[in-house]
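Worksheet: the structure to be examined is printed underneath.
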């Protein structure tokens, strides 16, 4: 009997203790709540994207974080490798974010539950800090394209082996060792930099790997160029044009050709046997290319003799080119390597952030003019890169730079019929027309480009003791850079069918260079 009574007393004591603990917790919670009842600030040890928002009102925290984000957005991210630098903008990468939502989450900690859970979360933060991540929207495909564009512009990028046909010769050019960008690593660094609110440097050293071009594969090249001759012809109902194809084969054996490659040279010539088609598209008359599909003209200074020479020579090589349905056109393959022996001369070009003399300088104006004709013809652009700096002959976003062995302009004839390129450069005007046969599903095409941001020009001072004391001489006049967006609009019967983004481009500032003698 006594044993049962003791057990009951023990149970009652436990219940009393538990009730006292609960009452104490409720009492403390009430007191804690009363203390914080007028607190409209974020509680301790709470961060948003690594930035402390403790003690800040919701609007104050939102303003501070938006300021950090906007400063990063305005500055962009600078990519650097050796002497090469470029800045990429948040707009180019399709970056957007919702700072306010993250701040609301931070402010709601200790306020979104009942009195007990709220107090628990407030007290817990004193021992375990909490960071609220901001949600970012980032167009990773745009970053991939930006990285490819940057790699093509590195001054020390690896140059691949290449080839082209010049008359009855196969010209093979040997590549050069250089660097390639570690693309996945750079992409992750860019994304991390976008999200890093604690870093105000905004500069990334481009990760690269030294590499060499592959060995020249003569068998592969021979297979790619060898073909039988085919005559051009027209078929009726519906009218279709079938372009000719000259027969091509090596004039010497593979083993003999390999002996040519055994020499240590930058360029190799291998003779070809060309069997011309008996009937060419030009023999079919104007019926083969009755309609103008797209045209573009640009102006240049004809008094610049060397640049004029290069443009005229390149236009002659481009003029009359036929591109068959499904075929991909290559500007570099068509024009060939720009050398003195090929008739090209030194003219001004851009390299490593400066204006320099380069053999073939100026022919990017022809590739850019062609690019616009291609866009207006609604042909498929396969490869195109913008210049490092803005050009004078076309708006930002409308140019196409080329460089032998590394940067090409390519497009595919995605139409049903062959097209013909008519190109001229005379009297200070470059003109490129594209002719073909109009199709029932053709659209009217308009191209629009706009500058979306400004990259301010810098001034670079270079010491030159040959100048008089205190003298300064401007050796290069600079220009602001910019970011741009280009759009293509397709219409039919005056009704807009689509408006698509063609490209987002960045043009670096061309620095003003001043030589001086500080003495």
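The values are calculated or read from the model by the stated rules, or taken from the named source; none is laboratory data. Please read these numbers as outputs of a predicted model, since none were measured by experiment. Reconstructed Cβ throughout: ideal geometry from the backbone, glycine too, with neighbour counts over all protein chains shown.
Just one of (1) surrounded by fewer than 12 Cβ atoms within 10 Å (Cβ to Cβ); (2) touching a residue at least 12 places away in the same chain (Cβ under 8 Å) trips up residue 442, so point out which.
(1)
With the requirement that a residue be buried (at least 20 other Cβ atoms within 10 Å of the Cβ) and at positive phi, what does region 404-435 give you?
Selection gives nothing.
If residue 32 passes every condition in (1) modelled with pLDDT under 70; (2) in contact with a strand residue (DSSP E or B) (Cβ under 9 Å, 6 or more places away or on another chain) but one, which one does it miss?
Against the list (1) modelled with pLDDT under 70; (2) in contact with a strand residue (DSSP E or B) (Cβ under 9 Å, 6 or more places away or on another chain), residue 32 comes up short only on (2).
Can you confirm whether region 174-194 contains a residue that is touching a strand residue (DSSP E or B) at 6+ places or on another chain (Cβ under 8 Å) and closer than 29 Å to residue 323 by Cα?
Scanning region 174-194, I find at least one residue that is touching a strand residue (DSSP E or B) at 6+ places or on another chain (Cβ under 8 Å) and closer than 29 Å to residue 323 by Cα, so the answer is yes.
From (1) farther than 30 Å from residue 365 by Cα; (2) buried (at least 16 other Cβ atoms within 10 Å of the Cβ); (3) touching a helix residue (DSSP H, G or I) at 6+ places or on another chain (Cβ under 8 Å), pick out the condition that doesn't hold for residue 288.
Of (1) farther than 30 Å from residue 365 by Cα; (2) buried (at least 16 other Cβ atoms within 10 Å of the Cβ); (3) touching a helix residue (DSSP H, G or I) at 6+ places or on another chain (Cβ under 8 Å), only one is false for residue 288: (1).
Determine, yes or no, whether residue 500 is surrounded by fewer than 14 Cβ atoms within 10 Å (Cβ to Cβ), part of a strand (DSSP E or B) and under 27 Å from the mean Cα position of the chain (by Cα). Break it down stepwise before answering.
On the way: surrounded by fewer than 14 Cβ atoms within 10 Å (Cβ to Cβ): yes; part of a strand (DSSP E or B): yes; under 27 Å from the mean Cα position of the chain (by Cα): yes.
Here the answer is yes, as residue 500 does meet what is asked.
Can you tell me which of 455, 447 is at pLDDT 85 or above, under 30 Å from residue 414 (Cα atoms), under 21 Å from the mean Cα position of the chain (by Cα) and surrounded by 14 or more Cβ atoms within 10 Å (Cβ to Cβ)?
Values: 455 fails: under 30 Å from residue 414 (Cα atoms).
Of the residues listed, the single one that is at pLDDT 85 or above, under 30 Å from residue 414 (Cα atoms), under 21 Å from the mean Cα position of the chain (by Cα) and surrounded by 14 or more Cβ atoms within 10 Å (Cβ to Cβ) is 447.
Within region 185-207, restricting attention to residues that are more than 17 Å from the chain's Cα centre (by Cα) and in a strand (DSSP E or B), which residue is farthest from residue 333 (Cα to Cα)?
203
In region 368-381, how many are surrounded by fewer than 23 Cβ atoms within 10 Å (Cβ to Cβ) and touching a helix residue (DSSP H, G or I) at 6+ places or on another chain (Cβ under 8 Å)?
1
Name the residues in region 265-282 that are more than 25 Å from residue 244 (Cα to Cα) and touching a helix residue (DSSP H, G or I) at 6+ places or on another chain (Cβ under 8 Å), would you?
Initially, region 265-282 is screened for residues more than 25 Å from residue 244 (Cα to Cα), giving 265-269.
Within region 265-282, 268, 269 qualify.
Looking only at region 337-383, how many residues end up being within 21 Å of residue 150 (Cα to Cα), at pLDDT 95 or above and part of a loop (DSSP other than H, G, I, E, B)?
0
Does residue 485 satisfy being under 19 Å from residue 85 (Cβ atoms), out of contact with any helix residue (DSSP H, G or I) (no Cβ under 6 Å at 6 or more places or on another chain) and modelled with pLDDT of 85 or more?
Values: under 19 Å from residue 85 (Cβ atoms): no; out of contact with any helix residue (DSSP H, G or I) (no Cβ under 6 Å at 6 or more places or on another chain): yes; modelled with pLDDT of 85 or more: yes.
Spelling it out, it is not the case that residue 485 is under 19 Å from residue 85 (Cβ atoms), out of contact with any helix residue (DSSP H, G or I) (no Cβ under 6 Å at 6 or more places or on another chain) and modelled with pLDDT of 85 or more.
Say whether the condition of being part of a helix (DSSP H, G or I) and under 21 Å from residue 40 (Cβ atoms) is met by at least one residue in region 73-89. Give the derivation first.
Initial filter on region 73-89 (part of a helix (DSSP H, G or I)): 73-75.
If we keep only those that are under 21 Å from residue 40 (Cβ atoms) as well, we get none.
Checking region 73-89: not a single residue is part of a helix (DSSP H, G or I) and under 21 Å from residue 40 (Cβ atoms).
Within region 211-299, which strands (runs of 3 or more DSSP E) (wholly inside it) include 2 or more residues that are free of Cβ contacts under 8 Å to residues at least 40 places away in the same chain? Talk me through it step by step, then tell me what you get.
Numbers: elements: 233-235, 240-242, 247-250, 267-275, 291-299.
Once the strands (runs of 3 or more DSSP E) in region 211-299 are filtered for at least 2 residues that are free of Cβ contacts under 8 Å to residues at least 40 places away in the same chain, what remains is 247-250.
Name the one entry in 236, 267 that is loosely packed, with under 14 Cβ neighbours inside 10 Å and closer than 26 Å to residue 342 by Cα.
Values: 236 fails: closer than 26 Å to residue 342 by Cα.
It is 267.
Restricting to region 214-241, give me the number of residues that are at pLDDT 90 or above and in contact with a strand residue (DSSP E or B) (Cβ under 7 Å, 6 or more places away or on another chain).
Residues meeting the conditions: 9.
Only one residue in 493, 508 is at pLDDT 85 or above and on the phi > 0 side of the Ramachandran plot, so which one is that? Give the steps one after another, and end with the answer.
Details: 508 fails: on the phi > 0 side of the Ramachandran plot.
None of the other options fit; the residue is 493.
The rows are residues; the columns are (1) modelled with pLDDT under 90; (2) surrounded by fewer than 13 Cβ atoms within 10 Å (Cβ to Cβ); (3) more than 21 Å from residue 174 (Cβ to Cβ); (4) in contact with a strand residue (DSSP E or B) (Cβ under 8 Å, 6 or more places away or on another chain).
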| position | (1), (2), (3), (4) |
| --- | --- |
| 250 | no, no, no, yes |
| 263 | yes, yes, no, no |
| 272 | no, no, no, yes |
| 294 | no, no, yes, yes |
| 308 | no, no, yes, yes |
